[in-house]
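The values are calculated or read from the model by the stated rules, or taken from the named source; none is laboratory data. Values in this document were obtained by computation on a predicted structure and should not be read as measured data. Here the Cβ positions follow ideal geometry from the backbone for every residue, glycine too, while neighbour counts run over all protein chains shown. Just the protein is used for accessible areas: all its heavy atoms, side chains included, with ligands, DNA and RNA removed. Shrake-Rupley method; radii C 1.70, N 1.55, O 1.52, S 1.80 Å.
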Amino acid sequence: MNNFEYCVPTRVIFGRDSHKKAGAIISEYGFHKIMIHYGGGSVRKSDLLGLVEESLREHGIEYVLFGGVQPNPVLSLAKEGMELCRREHVEFILAVGGGSVIDSAKCIADGALNPEIDPWKFFLKEEVPAKALPHGNILTLSASGSETSLSCVITNEEGDLKRGFNSPTHRPLFAICNPELTFTVSKFQTGCGTVDIMMHTLERYLGGTTKDTPLTDRIAEGLLTSVMEAGAVADKNPEDYEARATLMWAGSLSHNELTGLGREYMMQVHQLEHELSGMYPAIAHGAGLSALFCSWSRYVCEIDPMRFAQLAVRVLNEEMNFEEPLKTALNGINRLEGYFKSLGMPVSLRELNAGIKEADLEILADKCSFYGTRTLPGIRSLGKPEMIDVYRLAY
């Protein structure tokens, strides 16, 4: 097990009706003027936004509204939010939505207090935010884990580049997590969320080279098993509270570093997918991951078949073939692919129905390799040629 530092300071308020406490919670921190950041019309149609506003008014908290976040949030909107925060002297940002809204809020929080720096430089890792506005969230979609994580991902429409970076400034002060708010999430988005949650752990579990992490492995395997069970239930019965609660809590645990502690890893599939949904914004992140993951697994698993075989046996109920562990590994990948299909998720790039052409695959690899200057470390290093191979396998 490698050395590690683990700090997840976000306060989690979990359970039924927890969203009604927003005003009381924010008042505890002494904020007087906040921005409510949200996406489209769903928070209005469900009256969630109205309930939040009412809670804020009850506690004497002023607020400004800033909506319009789209899936795969964009830098141009975040820049508008930064200007609004400065103009209105906002002290705190409350994100009401899923991972896209929360990531947009994180980007705004970084940029609002660093007006002298082009915020894109943070994502290019040329600058580091020394300070940021505090922020919190009311979660409405179980998927990204951004509600407690230190990550933030944004798309720059200039070049269709989707990039992310980690920073302590991205840790929310609090996350209000009411599983009931996810009852109306569509079947497709529920499947995307289930895949995204699994992928945050699968990439930590499979994407590294450190082997002596038995406790972390068991935590990861337990989470994956629970998510697969809950995802199947929520797919059939969207108002099953326990299934929705499992998915919501697992989303946070899967991306707050817990399931990868002591391991070195690179989320190669996430990097490959960022180029997909950056170039084709209509692609949902979870669907892009589903379309790539099993092809990536088949491409790299022969480097460490026992690792993939361990997953197959412990999580996917595959019988161990000790004479040919690679067969066990491949059978496990097939089972995982079957699970994705059972949720209605795509397992190839063509199934994304985004108009991806075979000629685009080299462009995607070019962007992911930073135009031939970056190699992704991991169980098998991926330079531009290997990236093209994975994209072609998935095509």
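Scan the stretch 23-34 and tell me whether some residue there is closer than 30 Å to Gly260 by Cβ and in a loop (DSSP other than H, G, I, E, B).
Within the stretch 23-34 (the criterion being closer than 30 Å to Gly260 by Cβ and in a loop (DSSP other than H, G, I, E, B)), the answer is no, since none of the residues qualifies.
Is it the case that Ala312 is buried (at least 20 other Cβ atoms within 10 Å of the Cβ), free of Cβ contacts under 8 Å to residues at least 24 places away in the same chain, assigned to a helix (DSSP H, G or I) and not β-branched (Val, Ile, Thr)? Let's see the steps before the verdict.
Numbers: buried (at least 20 other Cβ atoms within 10 Å of the Cβ): yes; free of Cβ contacts under 8 Å to residues at least 24 places away in the same chain: yes; assigned to a helix (DSSP H, G or I): yes; not β-branched (Val, Ile, Thr): yes.
It is true that Ala312 is buried (at least 20 other Cβ atoms within 10 Å of the Cβ), free of Cβ contacts under 8 Å to residues at least 24 places away in the same chain, assigned to a helix (DSSP H, G or I) and not β-branched (Val, Ile, Thr).
Could you grab the pairs with beta carbons closer than 7 Å, sequence gap of 6+ or different chains, first residue in the stretch 174-194 and more than 14 Å from Thr246 (Cβ to Cβ), second one at pLDDT below 95?
Within 7 Å, the pairs are Thr184/Ser46.
Which residues, counting only those in the stretch 352-378, are more than 23 Å from Ala287 (Cα to Cα) and in contact with a helix residue (DSSP H, G or I) (Cβ under 8 Å, 6 or more places away or on another chain)?
First, pick out the residues of the stretch 352-378 that are more than 23 Å from Ala287 (Cα to Cα): 370-375, 377.
Result: Gly372, Arg374.
Does Met228 meet the test of being in contact with a Phe, Trp or Tyr (Cβ under 8 Å, 6 or more places away or on another chain), aliphatic (A, V, I, L, M), part of a helix (DSSP H, G or I) and over 24 Å from Asn3 (Cβ atoms)? Can you show your working first?
Values: in contact with a Phe, Trp or Tyr (Cβ under 8 Å, 6 or more places away or on another chain): yes; aliphatic (A, V, I, L, M): yes; part of a helix (DSSP H, G or I): yes; over 24 Å from Asn3 (Cβ atoms): yes.
So Met228 passes the test.
Within the stretch 264-276, can you find the residues that are at pLDDT below 95 and either buried (at least 24 other Cβ atoms within 10 Å of the Cβ) or charged (D, E, K, R) (or both)?
Scanning the stretch 264-276 gives a single hit, Glu264.
Checking Arg44 against (1) more than 18 Å from Asn178 (Cβ to Cβ); (2) in a helix (DSSP H, G or I); (3) not acidic (Asp, Glu): exactly one of these is not met. Which one?
(1)
Do you know which residues across the stretch 335-364 are closer than 17 Å to Leu393 by Cα, open to solvent by 80 Å² or more (accessible area, probe 1.4 Å), without any contact (Cβ under 8 Å) to a residue 60 or more places away in the chain and not in a loop (DSSP other than H, G, I, E, B)?
Across the stretch 335-364, the qualifying residues are Arg350, Glu362.
Residues to consider are His37, His59; find the one that is at pLDDT 95 or above, open to solvent by less than 20 Å² (accessible area, probe 1.4 Å) and in contact with a helix residue (DSSP H, G or I) (Cβ under 6 Å, 6 or more places away or on another chain).
His37 is the lone residue from the list that is at pLDDT 95 or above, open to solvent by less than 20 Å² (accessible area, probe 1.4 Å) and in contact with a helix residue (DSSP H, G or I) (Cβ under 6 Å, 6 or more places away or on another chain).
What are the residues in the stretch 198-215 that are open to solvent by 10 Å² or more (accessible area, probe 1.4 Å), in a helix (DSSP H, G or I) and under 15 Å from Pro377 (Cα atoms), if any?
Passing the criteria: none in range.
From the list Ala309, Ala329, Ala282, Ala287, which one is touching a Pro at 6+ places or on another chain (Cβ under 9 Å) and closer than 25 Å to Thr375 by Cβ?
None of the other options fit; the residue is Ala329.
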